[in-house]
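The structure appears below as structure tokens.
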Amino acid sequence: MGVSSIGDLSRGLLLRQTQTILKADLSRLSAELGTGTRQDLRAHVQGDFRPLAAIDQRVSLLQARAQAGQETALVAEAMQTALGSLGTAVQDIAPNLLMAGDATRAVGTGTLARQATGLLDQAVAALNAQAAGRALFAGARSDGPALAGADTMLAALRQEVDGLTDAASIRDRVFDWFDAPGGGFETQAYQGTTDPPGPVTATGPETPEIAFNATDPALRQMLGGLALAALCADADLPDRDSVAAMAGARLTGATVALSDLQGDLGQIQTRMEQAMAANAAERGTLDLARSDITGADPYETATALQDSQARLETLYTITARLSRLSLAEYLS
């Protein structure tokens, strides 16, 4: 029977190769235990990266949805803040305007008119505000203000009421300027677009849309009431007390309309929160699925690491013993 043998040189090469393989395994398993991620993912998935690619693609979409949702939530919250401040201001001045002409009133019509002028300035500033790089009330336009300045509107209205001699005519002309389709407000004051900014498509199929802008009837009602009251600052305006009272009546209705508008916006915010929560839940599920593919089980990795370490130590022992073998040592 033939006897096969391995020469010293071949044995040494074999031992070094085995040592290199065991050291590589030891390094890989140590990295997997430290990071919790498989180092040789190709071998683990047997070259089929399609499930992982599908997960990564979906996660990228969800990330875009989350960012868009956060930006839109910021815009919606800023709009709520603006509407809330406007509602509070109108609610405070409306009762005093309704009592214009009452001899027991402590505040005169001229003073109330100046207050209304200041509130009109504040209202325009609030409706021209921006959040997340987007104009809040300018429709699809995001790079400019929604409204011309209060001075511009009041100058146009003074021309409209010039020559009118009774309070009802002044009221009707001012309110028509604000309310009529294609009227002065839409052509001279509003600088946005009639198109909505569009739904936040990144939040999913059930996408809420913030479709209203500064031309919303509730906002026109509020602006018209403040503008009519502000005109009462002109001493030569006919029947200022009656005009102021008419402005107060309109602002009383605007308070309710603004509250309703806030409620509609609140419903949109609720839907947005639900969509974002659904996105977050799906993202969590996908993260778990990805971890199942790319993650290294700590127990299995630790066991394999101990096994590789033991095998390497055994190899070192064998190598040391073989290096001491010699015929002279054996014969002695």
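If you roll a 1.4 angstrom probe over the protein chains with everything in place, what fraction of the accessible area of the range 89-200 belongs to carbon and sulfur, to the nearest %? Reported share for carbon and sulfur atoms: 47 percent.
Using the Cβ-Cβ distance between Thr165 and Thr194 with R0 set to 22 Å, the FRET efficiency from 1/(1 + (r/R0)^6) comes to roughly 0.05. Counting 0.36 nm for each residue step from Asp287 to Gln306 and taking away their Cα separation leaves a gain of 3.9 nm.
For the pair Arg158 and Asp260, label points projected 7 Å from Cα toward Cβ lie 3.5 nm apart.
Arranged from highest to lowest average of other beta-carbon atoms within 10 Å per residue, in what order do the peptides 255-265, 127-137 appear?
The densest-packed peptide leads the list: 127-137, 255-265.
Apolar share of the accessible surface for the range 206-262: 49 percent from carbon plus sulfur atoms, 1.4 Å probe.
Calculate, for the range 120-202, the solvent-accessible area per residue in square angstrom, rolling a 1.4 angstrom probe over the heavy atoms of the protein chains. Before the final figure, lay out the partial values.
On the way: 3800 Å² over 83 residues.
Heavy-atom accessible area per residue stands at 46 Å².
The values are calculated or read from the model by the stated rules, or taken from the named source; none is laboratory data. Quantities reported herein were computed from a predicted structural model and do not represent experimental measurements. Cβ sites come from the backbone with ideal geometry, for glycine too, and all protein chains shown count toward neighbours. Protein only, heavy atoms only, side chains kept; ligands, DNA and RNA dropped before computing areas. Shrake-Rupley method; radii C 1.70, N 1.55, O 1.52, S 1.80 Å.
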